[in-house]
């Protein structure tokens, strides 16, 4: 974890975000963002944050978190808000629920899929394929995935 934190701080020093157009189920949201995170799970950043406390793996929806800003200070604010849960009511974080989304930018942008880098471009399309992922798990674990913790 210290390596990831140090790398993130180093990279954030030089990152000033991108102007993005996000189409979530047909709704257009435009702005300047440090990051856009699409997720259908509760935990984020190696479990350090509960990014979407109401997320369910099998409800057919995802959340897109748009994190505004353009500086290292904004990055640290997002880190603090994500770690403390304050991003849920933050003025610099916005959540869009969606079934299909398209993210566009005039500049190329990088994508990470489950923490692994994927070559990016000007557009990323995200959609849900109902019950496409087969998971082997203990029988008693199913209830933990269905019931959000309050």
| request: Output the number of the condition that residue 43 fails; it satisfies all remaining conditions of (1) modelled with pLDDT of 80 or more; (2) surrounded by fewer than 14 Cβ atoms within 10 Å (Cβ to Cβ). | output: (2)
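Can you name the residue in the range 31-40 that is surrounded by 14 or more Cβ atoms within 10 Å (Cβ to Cβ) and at pLDDT 90 or above and, of all such residues, is farthest from the chain's Cα centre (by Cα)? Give the steps one after another, and end with the answer.
Of the residues in the range 31-40, the ones surrounded by 14 or more Cβ atoms within 10 Å (Cβ to Cβ) are 31, 33-40.
From what's left, at pLDDT 90 or above: 31, 33-39.
Details: 31: 16, 33: 12, 34: 11, 35: 8, 36: 5, 37: 2, 38: 4, 39: 5 Å.
Top of the filtered list is 31.
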| Given 83, 107, 73, 101, which one is modelled with pLDDT of 90 or more, closer than 25 Å to residue 10 by Cα and in contact with a strand residue (DSSP E or B) (Cβ under 8 Å, 6 or more places away or on another chain)? | 107
| query | in contact (Cβ under 8 Å) with a residue 60 or more places away in the chain and closer than 16 Å to residue 39 by Cβ - does that describe any residue in the range 123-130? | reply | yes
| Do you know which residues across the range 117-143 are exposed (fewer than 10 other Cβ atoms within 10 Å of the Cβ) and assigned to a strand (DSSP E or B)? | 117, 119
| Single residue of 74, 59, 91, 114 found to be surrounded by 11 or more Cβ atoms within 10 Å (Cβ to Cβ), more than 17 Å from residue 16 (Cα to Cα) and without any contact (Cβ under 8 Å) to a residue 60 or more places away in the chain | 59
| task | With respect to residue 54, determine if the residue is surrounded by fewer than 17 Cβ atoms within 10 Å (Cβ to Cβ), touching a residue at least 24 places away in the same chain (Cβ under 8 Å), within 20 Å of residue 25 (Cβ to Cβ) and out of contact with any helix residue (DSSP H, G or I) (no Cβ under 6 Å at 6 or more places or on another chain). | result | yes
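The values are calculated or read from the model by the stated rules, or taken from the named source; none is laboratory data. It should be emphasised that the depicted structure is a prediction, and the values quoted were computed from it without experimental measurement. Please note: Cβ atoms are built from the backbone with ideal geometry, for glycine as well, and neighbour counts cover all protein chains shown.
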